Amino acid sequence: MSRLRTLSWDDSAGALVLLDQTRLPDQEVSVSCPDVDSVIDAIQRLVVRGAPALGAAGAYGVVIAVRQGAREGWTHAELLNQIERLRQARPTAVNLAWGVDRASTVIDAGHAAVLAEANAVANDDAEANRRLSELGARWILDHVERRPLRVLTHCNAGALATTEYGTALGVVRSLHAQTPLEMVYADETRPLLQGSRLTAWELHRDGIPCQIQVDGAAASTILRGLVDVVVIGADRIARNGDTANKIGSVGLALACQAAGIPFVVAAPWSTVDLDTVDGSAIPIELRDAAEVTQVGDQCFAPPGVGAFNPAFDVTPAQYIAAIMTERGVLQPDGRTGLDGLLR
Ligand code: MRU
């Protein structure tokens, strides 16, 4: 199985090369981003997406800004302004701002230092995913008895959403390597279908049994006893453990609570935002109504009717059995800060 290249750095072109996730699964094509505007456009159109991948894209975006600034004679203030545009390209995934900030700390040391930092952001993410997936799989095997296991996941928290391996799908991969899974239910994830287009593509490629289901089927699948554990990724985890992830996640958590099965979150520590006290302070991205009312160019809604299109929701910590990070598996209670659980 060839390794997925969600993103890579092309040094001769001075460009970030992205696997265009808007074209999957039909076409595996890359997009080259040589300037700040093209990086922002790729982030906003979800050519690159998923919190950890956004962190790495943001860090490489700073490399691009530094090179473009030198080429076009930007002042330092202009450079900082362009970096801030990058930082704010999508608001919910804290990894984007984190990756931009990490690379920005060394801009005074020059282009090579910024590139080295961006490479470190990407490499650290790959390592974190392997480690958290191993820890997460071990936690699930210790806490869930049934074999073979049946897992449900939402959106795409796989290799495509990270620099490699994945978070929630990393846990799925590690589980499957230890004890073959019976089934992974992949919620299709309306409106942009990250579950059916991307998660099912990754799982199928790896030979892991999976079925796509419409988002509306998930609660029923859980209550019918067809699922042993729900594993999702995260875009931002507040200090108390409240977790933002793709719209539809909180409904899964409530169904797990009713069914008495664990709802778990897998994410690198770069997704934990200790400065955000709880979920009420997490900014939720609102996207274009056309993503809901249209499929491609065809509109399915009555003319003149709008759509409410929040891209994420927040699951309160009380519904989360465990948060799997590379630093350890945390069991939030909504009151003790996550950093407190690590001590
Ligand atoms: O809008 P997206 O596709 O960027 O949303 C992605 C998610 O919600 C993922 O579950 C999350 O970023 C974690 S990715 C490891």
Output yes when any residue across the stretch 41-61 is assigned to a strand (DSSP E or B) and surrounded by 19 or more Cβ atoms within 10 Å (Cβ to Cβ), and no when none is. no
Members of the stretch 92-125 that are farther than 23 Å from T276 by Cα and more than 22 Å from the chain's Cα centre (by Cα): V106, I107, D108, A109, G110, H111, A112, A113, V114, L115, A116
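Say whether the condition of being farther than 30 Å from G340 by Cβ and out of contact with any strand residue (DSSP E or B) (no Cβ under 8 Å at 6 or more places or on another chain) is met by at least one residue in the stretch 225-237.
yes
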Within the stretch 60-99, tally of residues that are under 18 Å from W9 (Cα atoms) and within 16 Å of the ligand (Cβ to nearest atom): 4
Of all residues making up the stretch 12-35, the number that are open to solvent by 60 Å² or more (accessible area, probe 1.4 Å) and without any contact (Cβ under 8 Å) to a residue 12 or more places away in the chain: 5
Some residue of the stretch 259-278 being at pLDDT 95 or above, more than 20 Å from the chain's Cα centre (by Cα) and of a type in the set (S, T, Y): no
Looking only at the stretch 218-250, count every residue that is over 23 Å from R335 (Cβ atoms), under 21 Å from the mean Cα position of the chain (by Cα) and away from the ligand (no atom under 14 Å from the Cβ) and tell me the total. 2
Count, please, the residues in the stretch 192-212 that happen to be open to solvent by 50 Å² or more (accessible area, probe 1.4 Å) and either more than 15 Å from the ligand (Cβ to nearest atom) or small (G, A, S) (or both). 6
Counting only strands (runs of 3 or more DSSP E) entirely within the stretch 273-343, those with at least 2 residues that are within 16 Å of the ligand (Cβ to nearest atom) are 312-315, 322-325
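Look at the stretch 4-22 and say how many of its residues are assigned to a loop (DSSP other than H, G, I, E, B) and within 18 Å of the chain's Cα centre (by Cα).
Going residue by residue through the stretch 4-22, those that are assigned to a loop (DSSP other than H, G, I, E, B) are 4-6, 11-14, 20-22.
After this cut, where a residue has to be within 18 Å of the chain's Cα centre (by Cα) as well, the list is 4-6, 20-22.
Number satisfying all stated conditions: 6.
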Q82 - would you say it is of a type in the set (S, T, N, Q), under 15 Å from the mean Cα position of the chain (by Cα) and either closer than 25 Å to D235 by Cβ or surrounded by fewer than 17 Cβ atoms within 10 Å (Cβ to Cβ) (or both)? no
By residue number, the members of the stretch 163-191 that are buried (at least 21 other Cβ atoms within 10 Å of the Cβ), closer than 26 Å to G296 by Cα and within 14 Å of the ligand (Cβ to nearest atom) are A186, D187, E188, T189
Is it true that G337 is surrounded by fewer than 18 Cβ atoms within 10 Å (Cβ to Cβ), in contact (Cβ under 8 Å) with a residue 60 or more places away in the chain, within 27 Å of R146 (Cα to Cα) and in contact with a Leu (Cβ under 8 Å, 6 or more places away or on another chain)? no
For the stretch 92-105, does any single residue satisfy the condition of being under 24 Å from A244 (Cα atoms) and surrounded by fewer than 18 Cβ atoms within 10 Å (Cβ to Cβ)? yes
Provide a single number: the residues in the stretch 131-162 that are polar (S, T, N, Q) and more than 10 Å from the ligand (Cβ to nearest atom). 1
Does T315 satisfy being open to solvent by 30 Å² or more (accessible area, probe 1.4 Å) and at negative phi? no
So in the stretch 238-254, with the set limited to residues that are among the hydrophobic types (A, V, I, L, M, F, W, C) and open to solvent by less than 10 Å² (accessible area, probe 1.4 Å), which one is farthest from D275 (Cα to Cα)? L252
Matching residues, the stretch 26-59, being away from the ligand (no atom under 14 Å from the Cβ) and closer than 16 Å to S104 by Cβ: V36, V39, I40, A59
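The values are calculated or read from the model by the stated rules, or taken from the named source; none is laboratory data. None of these values were measured; they are calculated from a predicted model. Virtual Cβ from ideal backbone geometry, glycine too; neighbours counted across all protein chains shown. Surface areas here come from the heavy atoms of the whole protein model, side chains and all, with no ligands, DNA or RNA. Shrake-Rupley method; radii C 1.70, N 1.55, O 1.52, S 1.80 Å.
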